[in-house]
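Contents: one structure, followed by commentary.
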Amino acid sequence: MPNDNIATKLLIDGELVEATGNERLPSVNPANEEIIGSSPSAGKADVERAVAAAQKAAPLWATLSVRERIKYVRAIAAGLQARADELLKIEVLDTGNTINKAWGDISSAGEALEYYAGLGLELKGETIPASANNLHITLREPYGVVGRIIPFNHPIKFAANSLAAPLMAGNCVVLKPPEQSPLSAGVLAEICREVLPRGVANIVTGLGSATGDVIVRHPAIKRIGFTGSVTTGMAIQRAAAETCVKHVSLELGGKNPMIVYPDIDPDLAAQTAVGGMNFAWAGQSCGSSSRILVHESLYDAVLKRIVERVAALRLGDPLDPQAQMGPVNSERHYERVCRYIGFGNADGAKLMAGGKRPPGKLFERGYWLQPTVFADVMPSMRIAREEIFGPVLSVFKWKDEAEAFAIANSTDYGLTASILTNDLNTALRAARAVQSGYVWINGASGHFYGTPFGGHKNSGLGNEEGIEELYSYTQNKTIHIMLKL
Ligand code: NAD
């Protein structure tokens with residue numbers, strides 16, 4: 001089992017190779033700051049070779065029967081399954097995500113591939129009765145080469161998911177993993193090399209400003225699927241438009257509200273709020289319910305229970321199955337989250353739990369932060385408006401429903417929302433009122449393959465995890481057959 005010096009390679013044209021300049025980026029274990037491995041830092045020449053390989057492989061891949069492509073995509077899933085234990089350890093060391101939850105990410109990686117393989121035969125076009133005697137049909141055609149760029153929080157899950165829909169739709173892929181946590185994608189590269197034809201999947205690690213930007217601007221890549229922050233998503237839209245017309249889909253950040261109505265049991269509300277914050281990933285999940293909006297009649301009761309639950313969370317070595325929260329992903333990100341805790345204090349929010357590095361020898365090195373709760377948060381505060389993407393929960397008080405909706409919709413984000421109430425009419429009224437793309441009623445944070453996931457407002461463009469994602473990697477061709485009936 002590798003636990004140090006995990007050295008990954010680029011996958012280009014079916015070969016595992018170093019970057020042209022031989023440059024490598026170190027990978028740091030966020031739990032103790034030890035260097036555990038490294039990955040190549042791909043430059044322009046490497047990305048260009050990857051795109052050329054994908055272009056070369058694309059015609060044959062697109063004309064394979066769907067059933068052949070299904071076999072290939074299932075073989076990637078089987079490869080992941082066969083190396084699941086190794087992947088799990090690498091993922092935990094490289095991200096700081098706790099082992100129990102990281103296990104879910106590994107299985108979800110396989111599930112994404114199986115799900116899209118199962119949808120392969122649904123790549124159907126239409127027949128349209130547009131004129132009396134002729135036949136009008138549409139075909140779904142692949143784009144050719146797809147570029148995918150992913151963030152650091154669920155690396156193997158996003159990497160596998162990034163291949164699934166585009167490959168099934170008949171495209172070849174150039175994938176860029178996150179520079180902070182690229183090691184599990186190195187295993188995926190080895191698996192793809194074994195099971196896929198050359199050039200069908202190419203995996204290039206490196207920095208966003210170098211590797212990612214070359215992918216985004218490459219004129220042969222007409223379809224980009226990006227997951228990451230709003231700022232980068234906007235930069236990608238701009239950069240892509242500078243070289244040619246591209247179809248860009250964006251899965252971006254969130255500042256997700258959970259509205260707690262007065263008819264909800266305070267214990268259940270606190271349990272759902274803390275669960276929805278995804279502390280097992282140190283809050284680093286785009287769908288985390290980071291804003292809890294509680295009706296004034298049960299505000300004190302819910303707040304007290306949230307604070308108790310958060311204070312009881314067990315921080316520990318992410319490899320320990322008992323650990324409920326690990327460190328945040330990187331030093332840079334740690335500093336960012338600390339800055340936001342500072343903004344919360346400076347703006348007058350009431351710090352109810354956490355806010356500091358935890359005491360104890362285990363936490364002296366590494367990017368450790370206590371799980372943190374702010375109360376009496378006002379919509380104008382910075383911690384209320386901006387995504388922190390860390391273990392920081394903000395609690396707000398509301399009096400009437402209109403005020404709750406106004407707070408919920410007061411940010412530029414619109415990814416997820418939760419509504420907690422036992423009244424079905426209230427629940428559906430609230431679900432319609434919130435400006436979010438994915439809404440849970442009496443729940444939080446779960447994803448369900450087959451249902452479209454995606455953000456409204458600045459949280460994104462397009463949907464993933466459903467058949468819409470498969471279709472989004474195709475473009476329509478309309479054919480008119482003029483008949484003489
Ligand atoms: P980020 O935007 O900093 O980076 C994401 C990826 O983009 C990385 O691979 C990075 O190298 C690359 N990148 C950076 N600059 C680039 C550029 N100019 N051109 C091309 N590529 C570039 O995001 P992050 O900090 O890694 O991840 C956290 C963010 O991702 C949060 O905002 C979170 O909410 C969001 N996220 C969204 C979803 C979703 O499904 N909506 C899922 C997970 C994470």
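The values are calculated or read from the model by the stated rules, or taken from the named source; none is laboratory data. Bear in mind that the values here come from a model prediction, so they are computed numbers and not experimental data. In this analysis, Cβ positions are derived from the backbone assuming ideal geometry, glycine residues included, and neighbour counts consider all displayed protein chains. Only protein heavy atoms, including side chains, enter the accessible area calculation; ligands, DNA and RNA are left aside. Shrake-Rupley method; radii C 1.70, N 1.55, O 1.52, S 1.80 Å.
Quick notes
- Area accessible to solvent at Met234, 1.4 Å probe radius, in Å²: 90 Å²
- Distance between the 7 Å Cα→Cβ label points at Glu18 and Lys477: 4.3 nm.
- Across the cross-link table entries Lys222/Lys477; Lys9/Lys89; Lys124/Lys246; Lys255/Lys397; Lys44/Lys71; Lys44/Lys222, which are compared at the Cα atoms, the separations over 21 Å belong to Lys124/Lys246; Lys44/Lys71.
- Rough spin-label spacing in nm, given labels placed 7 Å along Cα→Cβ, for Asp347 and Cys244: 4.3 nm
- Accessible solvent surface per residue of the chain, calculated while the other protein chains remain in place, 1.4 angstrom probe, Å²: 40 Å²
- The GluC sites (Glu not before Pro) of segment 306-409 meeting both criteria, a DSSP state outside H, G, I, E and B (loop) and at most 14 other C-beta atoms within 10 angstrom of the site's C-beta, are Glu364.
- Translational diffusion coefficient (Stokes-Einstein; Kirkwood radius from C-alpha pairs) of segment 257-449 at 4 °C, 1.567 mPa s, in µm²/s: 78 µm²/s
- Those aspartates and glutamates that a straight Cα-Cα span of less than 12 Å connects to Lys101, excepting residues fewer than 8 apart in one chain: Glu91, Asp320
- Angle in degrees between helix 44-63 and the longest Cα principal axis of the chain, rounded to the nearest 10: 60 degrees
- Amide H contacts of Ala7: Ser38, each under 5 Å away and 5 or more positions distant or on a separate chain (H built 1.01 Å from N in the peptide plane; Pro and chain starts excluded).
- The chain, accessible surface, carbon-and-sulfur percent (1.4 angstrom probe): 52 percent
- Contour excess over end-to-end distance, with Cα ends at Val66 and Ser131 and 0.36 nm allotted per residue: 20.3 nm
- Enclosed volume per residue, in Å³, of the convex hull spanned by Cα atoms of segment 237-341: 167 Å³
- Cβ crowding within 10 Å averaged over residues, with 268-275, 117-124 ranked highest first: 268-275, 117-124
- Degrees separating the helix 99-118 axis from the principal Cα axis of the chain, which is the longest one: 30 degrees
- Applying the Karplus relation 6.51 cos²θ - 1.76 cosθ + 1.60 with θ = phi - 60° to segment 225-233 yields 3J(HN,Hα) values of x, 10, 10, x, 7, 4, 4, 5, x Hz, where x marks Gly and Pro.
- Remark: spin-label model distance Asp267-Arg314 equals 2.1 nm, labels positioned 7 Å along the Cα→Cβ axis.
- Cross-link reach list, aspartates and glutamates versus Lys350, counting only Cα pairs under 17 Å and skipping chain neighbours closer than eight places: Glu296, Asp300, Glu308, Asp376
- Note on the chain: helix-only mean residue ellipticity at 222 nm, from DSSP H runs of 4+ residues weighted -39500 (n - 2.57) and normalised by residue number, equals -12000 deg cm²/dmol.
- Per-q log10 I(q)/I(0), segment 365-485, q = 0.10, 0.23 Å⁻¹ (Debye; single scatterer per alpha-carbon; no solvent): -0.45, -1.44
- The listed peptides 336-344, 102-110, ordered by packing as a protection proxy, come out as 102-110, 336-344 (highest mean of other Cβ atoms within 10 Å first).
- Fraction of beta bridges assigned by DSSP in the chain that are antiparallel (%, nearest 5): 40 percent
- When peptides 157-164, 299-306 are sorted by average Cβ neighbour count within 10 Å, with the highest value leading, the order is 157-164, 299-306.
- In degrees, nearest ten, helix 155-168 long axis to first principal axis of the chain (Cα): 30 degrees
- Convex hull projection area averaged over all views, the chain, Cα basis, nm²: 24.2 nm²
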